[in-house]
1. Take the Cα atoms of segment 44-123, build their convex hull, and give its volume per residue in Å³.
2. When the solvent-accessible surface of protein heavy atoms is calculated with a 1.4 angstrom probe, in what order do THR26, THR47 fall, highest first?
3. Which angle between 0 and 90 degrees, to the nearest 10, do you get for helix 77-88 versus the longest principal axis of the chain when only C-alpha atoms count?
4. Relative to the compact globular guide of 2.2 N^0.38 Å, what is the alpha carbon radius of gyration of segment 1-92, as a ratio?
5. Give the carbon-plus-sulfur fraction of the accessible surface of the chain in %, rounded to a whole number; probe 1.4 Å, heavy atoms of protein chains only.
6. Assign unit charges at the C-beta atoms only (+1 for Lys and Arg, -1 for Asp and Glu), then state the dipole size of the chain relative to its Cα centre in Debye, rounded to the nearest 20.
7. How large is log10 I(q)/I(0) at q = 0.11, 0.14 Å⁻¹ when the Debye formula is applied to the Cα atoms of the chain, each weighted equally and without solvent?
8. Would you mind checking the tilt of helix 103-119 against the longest principal axis of the Cα atoms of the chain, expressed as 0 to 90 degrees and rounded to 10?
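The values are calculated or read from the model by the stated rules, or taken from the named source; none is laboratory data. Predicted, not measured: the structure shown is a model, and the values here were computed from it. For neighbour counting, all protein chains shown are included, and Cβ atoms are generated from backbone atoms with ideal geometry for every residue, glycine included. Ligands, DNA and RNA are excluded from the accessible area calculation, which covers all protein heavy atoms including side chains. Shrake-Rupley method; radii C 1.70, N 1.55, O 1.52, S 1.80 Å.
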Amino acid sequence: MPLFALHHLLCRTDSIIWDVRFHPSTSRHPGSNEHMASPTKVRISATEPKTRGMKIIFDHFKWEIEVFPSGRECVLVEDVLLEIYDFLQAPLSRAEWYKLGKIMERTRIHACRCDRLIDGPATYELDSSIKLIDILGIYTVFGGLTPLRPMEWLLTFQERPDHG
């Protein structure tokens with residue numbers, strides 16, 4: 001049993017719908033078009049009791065995300081969502097690309113990159129590089145965090161409904 005309780009927005013998929021390809025401000029409540037961008041909804045402590053740091057792990061790719069307060073006294077729900085988003089927006093390195101190996105895998109990642117660009121906002125400053133998020137394929141819906149060890153949480157993703 002974890003020593004810290006996680007805020008319900010971060011641990012239950014029935015509390016938030018967020019396609020992590022896009023900024024957390026696009027997340028919404030299930031069954032509603034109401035976005036989570038309101039500071040009162042995400043600028044609350046991510047854990048109880050409050051903490052000054054936590055680690056998020058995604059086992060499938062051996063990714064680890066360290067989360068610290070953004071100039072505040074504790075880690076907020078907003079900090080967690082932004083760290084996940086920022087981490088996944090990082091460009092895929094050349095070494096990571098070649099590590100994938102198979103042509104089919106690379107083709108799938110290119111297709112996911114194209115989906116992200118088509119589904120995203122139309123903007124002139126479009127960054128079309130392949131990003132870590134593209135490796136996730138169709139599994140880009142935030143699935144919540146589950147406790148592993150004290151202050152370590154496992155990140156899960158779910159399949160996008162438009163690909164089910």
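1. Normalising the Cα hull of segment 44-123 by residue number yields 136 Å³.
2. THR26, THR47
3. Rounded to the nearest ten degrees, it is 20.
4. 1.07
5. 58 percent
6. Dipole about the Cα centre, nearest 20: 280 debye.
7. After summing over all Cα pairs, the log10 values are -0.46, -0.75.
8. Taking the Cα atoms of the chain, the angle to 103-119 is about 60 degrees.
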